Structures are given as structure tokens and as C-alpha cells.
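Student: Here it is, the structure in full.
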Amino acid sequence: MTSFAELVQLAKTRTTPLNMGSPGQATLGALVVEQLLRKPGLLPTLNHVPYRGGGPVMTDLLGNHVPLACITLSAAIEHINAGTLVPLALISTERVAALKELPTIVELGHPDIGGAIWSWLAGPKQLPAAMVARLNQEVRRSLQTADLKQRFERDLFLSMDADPATLSAFIEDELKRWTTFFQQSGFKPQ
């Protein structure tokens with residue numbers, strides 16, 4: 001299997017479950033597998049196998065004990081480069097420079113599947129607006145430096161150039177999206 005389309009075809013022709021591992025119930029990988037499971041007709045024979053961490057799922061994936069896994073790119077990239085793992089799609093809205101030919105799940109027609117692990121600078125609610133603006137300006141400026149761009153590319157990170165209002169709206173949208181997913185799916189981390 002060398003593409004997401006081949007995975008979909010395989011899942012539709014199988015009569016036995018197709019196991020897909022994740023690093024565990026409370027991980028983004030588990031949520032993505034649950035999204036794949038809940039998309040009608042996409043991967044009808046998919047079976048979620050939650051592990052107890054990224055190490056165990058990677059060991060079983062490399063040892064052919066589980067045929068698929070939803071894992072972080074940073075954990076998989078060395079194995080992809082060595083040819084011991086084949087990536088099928090990025091669970092991201094953007095491609096990464098390290099794998100320019102690898103499509104995102106969004107590009108493959110599934111904008112409702114995926115997610116990301118986000119980090120941002122935050123402070124107490126009463127932080128003065130002028131300080132928030134200055135910190136935001138400095139962080140955004142630093143994200144544009146050649147050194148930091150190079151480090152982000154090397155470490156497979158994506159950045160978002162956003163002012164405080166845009167970031168707040170993004171966080172609010174993410175909370176709504178995931179809250180709706182949990183309510184509709186009944187998924188409960190264990």
C-alpha cells in the first residue's frame with residue numbers, strides 16, 4: 001500500500017478488520033482514527049487499536065504486528081526516509097517541506113478529518129492589552145527569522161502568523177469543533 005486511495009480500496013474489499021494503531025486513547029492519533037471510523041463508507045473494516053504510547057505503536061508498526069498507525073510525523077520521519085515506513089497522508093491542512101509530494105487529508109477530499117497539536121504563548125486574563133500586543137508582535141517577528149524558519153522546517157513544525165484576535169477566534173473554533181465531535185460521536189477518552 002502506497003497511498004491513501006489504496007488504503008480506502010483495501011478497506012472496502014476486506015471482509016476482516018483492518019487494524020490501525022494509535023498512541024493511546026487520549027491522543028490526537030486516537031481522535032483521528034475515530035474520525036476515520038465515523039466517516040460513512042470511507043474505511044468500513046477499520047478497527048482502532050489504541051496503544052499505551054507512541055513507542056509501543058511504532059514498535060508494532062515496524063515489526064508488522066499492526067498494518068497501520070496514526071502517529072506523529074516527527075516520530076515517523078526517520079523511518080520514512082529509511083524506507084521502512086510508507087506515509088499515506090498528512091493529517092494536516094498544509095504539506096511539509098520534508099515530504100513535499102505527500103498530500104494532506106484535506107487535499108484528498110476529507111476536510112472534516114484531522115487535527116493538530118497546537119502551542120501558543122498565553123498569559124493571565126488581566127494582562128494589559130499593550131503588553132499582549134507587544135509580545136504578539138515580537139513572537140510574530142521571531143517566527144519570520146531565517147533561523148527559526150529553518151528550525152521549524154527541520155523539526156517538522158508549522159507556524160501560524162496570527163494577531164491575538166485571530167488566535168482567540170482560532171482557539172474558539174477548535175473548541176467548538178472538538179466539542180461537537182465528542183458530543184456527536186460519543187467518543188470518550190479512557
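The values are calculated or read from the model by the stated rules, or taken from the named source; none is laboratory data. Values in this document were obtained by computation on a predicted structure and should not be read as measured data. Backbone-built Cβ (ideal geometry, glycine too); neighbour counts: all protein chains shown. Quick note on the areas: whole protein, heavy atoms, side chains included, nothing else; ligands and nucleic acids left out. Shrake-Rupley method; radii C 1.70, N 1.55, O 1.52, S 1.80 Å.
Student: Would you please list the contacts, defined by Cβ atoms under 8 Å and residues six or more apart or on different chains, that run from a residue in region 27-46 that is farther than 14 Å from residue 8 by Cα and hydrophobic (A, V, I, L, M, F, W, C) to a residue that is modelled with pLDDT of 90 or more and not in a loop (DSSP other than H, G, I, E, B)?
Tutor: 30/22; 30/48; 30/50; 32/22
Student: How many of the residues in region 35-66 are touching a His at 6+ places or on another chain (Cβ under 7 Å) and under 23 Å from residue 77 (Cα atoms)?
Tutor: Number satisfying all stated conditions: 1.
Student: Might you check whether a residue that is closer than 30 Å to residue 42 by Cβ and either among the small types (Gly, Ala, Ser) or within 14 Å of the chain's Cα centre (by Cα) (or both) occurs anywhere in region 139-155?
Tutor: No; the residues of region 139-155 include none that is closer than 30 Å to residue 42 by Cβ and either among the small types (Gly, Ala, Ser) or within 14 Å of the chain's Cα centre (by Cα) (or both).
Student: Same structure, new question: Does residue 98 satisfy the criteria of being in contact with a helix residue (DSSP H, G or I) (Cβ under 8 Å, 6 or more places away or on another chain) and closer than 15 Å to residue 156 by Cβ?
Tutor: Yes; evaluated as a whole, the condition is true for this residue.
Student: Those residues that are farther than 25 Å from residue 98 by Cα, in a loop (DSSP other than H, G, I, E, B) and open to solvent by 20 Å² or more (accessible area, probe 1.4 Å), I need them from region 31-63; list them, please.
Tutor: Those that are farther than 25 Å from residue 98 by Cα, in a loop (DSSP other than H, G, I, E, B) and open to solvent by 20 Å² or more (accessible area, probe 1.4 Å): 39, 40, 41, 44, 45, 51, 52.
Student: Take region 105-156 and flag every residue that is among the charged types (D, E, K, R) and assigned to a loop (DSSP other than H, G, I, E, B).
Tutor: Residues satisfying the conditions are 107, 112, 125, 155.
Student: If you don't mind, there's one more thing I want to ask. Can you name the condition, by its number, that residue 111 falls short on among (1) surrounded by 14 or more Cβ atoms within 10 Å (Cβ to Cβ); (2) under 28 Å from residue 20 (Cβ atoms)?
Tutor: Here residue 111 clears every test but (1).
Student: Turning to a different aspect of this structure: Applying the selection to region 91-104, what residues are in a loop (DSSP other than H, G, I, E, B), free of Cβ contacts under 8 Å to residues at least 40 places away in the same chain and not hydroxyl-bearing (Ser, Thr, Tyr)?
Tutor: Within region 91-104, 95, 100, 101, 102 qualify.
Student: Residue pairs, Cβ under 6 Å, 6 or more apart or interchain, first in region 64-89 and more than 25 Å from residue 25 (Cβ to Cβ) and of a type outside the set (D, E, K, R), second open to solvent by less than 50 Å² (accessible area, probe 1.4 Å) and assigned to a loop (DSSP other than H, G, I, E, B). List them.
Tutor: 80/87
Student: Restricting to region 165-183, name every residue that is closer than 14 Å to residue 34 by Cα and open to solvent by less than 50 Å² (accessible area, probe 1.4 Å).
Tutor: 178, 181
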